[in-house]
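Report on the following structure.
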Amino acid sequence: MKLAIYPGTFDPVTNGHLDILERAASVFGTVYVAVAKNIHKNPLFTIDERIKLIKECTSQYPNVKIDQFEGLAVDYAHKVGASVIIRGLRAISDFDYEFQMALMNRHMNDSIDTVFFMPHEDYTYLSSSTVREIVRFGGNINAFVPEIVKNELIKKLRSK
Ligand code: ADP
């Protein structure tokens, strides 16, 4: 059974991420959601908060595990014995960056492949940053994140 990692910032996790994760979990034996510390992106949620939210939204998948990592995704994949990196492709605009990163990762470790999944069309224009912006300006995000994520976003952004 193949082990895969799904690395990302998940600031916060959205229905788009969960769509990709569900597809990946039905194909691979185990999927590690690998939450990047990513201090350069200056995340809204701390690493512990991001992990807690993902855990609460994925408890129904017995083969999904949540972990954190710092540094290169290929090194993390190697460390946990994974041979696949999962990424999501929303639109052509993602392609350039993802293609470059997949080839660079393969250059660094040829035994690890990147596998892309496409989300449901409803999520192709969805990102964590748009969700954060909508909440900041008082918009409705019910269709884009689980209830618990919505509540934490409102709490966090209103306290600022
Ligand atoms: P990163 O900083 O690594 O891009 P993100 O949390 O933004 O972290 O994204 C992690 C992965 O999830 C990326 O492959 C991204 O393309 C994918 N992703 C993000 N949002 C969506 C979505 N709405 N539908 C499908 N894939 C998505």
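The values are calculated or read from the model by the stated rules, or taken from the named source; none is laboratory data. Just so it is clear, the structure is predicted and the values come from calculations on it, not from any experiment. Note: ideal-geometry Cβ built from the backbone for every residue, glycine included; neighbour counts use all protein chains shown.
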Quiz item: Of the conditions (1) in contact with a Phe, Trp or Tyr (Cβ under 6 Å, 6 or more places away or on another chain); (2) surrounded by fewer than 15 Cβ atoms within 10 Å (Cβ to Cβ), LEU126 fails just one. Which one is it?
Solution: (2)
Exercise. Determine whether the range 10-21 contains at least one residue that is touching a residue at least 12 places away in the same chain (Cβ under 8 Å), within 13 Å of the chain's Cα centre (by Cα), farther than 23 Å from THR114 by Cβ and within 12 Å of the ligand (Cβ to nearest atom).
Key: yes
Quiz item: Which of the residues belonging to the range 4-28 are small (Gly, Ala, Ser) and more than 13 Å from ILE86 (Cα to Cα)?
Solution: GLY16
Practice problem: Starting from the range 88-103, keep only residues that are without any contact (Cβ under 8 Å) to a residue 40 or more places away in the chain, then list their pairs with residues that are surrounded by 14 or more Cβ atoms within 10 Å (Cβ to Cβ) and of a type in the set (A, V, I, L, M) whose Cβ atoms are within a distance under 6 Å, requiring at least 6 positions of separation or different chains. | Solution: LEU89/MET118
Self-check item: Options PRO62, PRO7: the member that is modelled with pLDDT of 95 or more and near the ligand (Cβ under 10 Å from one of its atoms)
Solution: PRO7
Quiz prompt | In the range 72-102, the residues that are closer than 16 Å to ALA34 by Cβ, within 11 Å of the ligand (Cβ to nearest atom), under 15 Å from the mean Cα position of the chain (by Cα) and among the hydrophobic types (A, V, I, L, M, F, W, C) | solution = ALA73, ILE85, ILE86
Quiz item: Pick from the range 103-120 the residues that are near the ligand (Cβ under 10 Å from one of its atoms) and not aromatic (Phe, Trp, Tyr): which of them is surrounded by the fewest Cβ atoms within 10 Å (Cβ to Cβ)?
Solution: HIS120
Practice problem: Could you please give the count of residues in the range 22-31 that are surrounded by 23 or more Cβ atoms within 10 Å (Cβ to Cβ) and away from the ligand (no atom under 12 Å from the Cβ)? | Solution: 1
Practice problem: Working carefully through the options LYS55, LYS79, find the one that is under 22 Å from VAL149 (Cα atoms) and surrounded by fewer than 16 Cβ atoms within 10 Å (Cβ to Cβ). | Solution: LYS55
Quiz item: Can you tell me which of LYS41, LYS55 is more than 10 Å from the ligand (Cβ to nearest atom) and among the charged types (D, E, K, R)?
Solution: LYS55
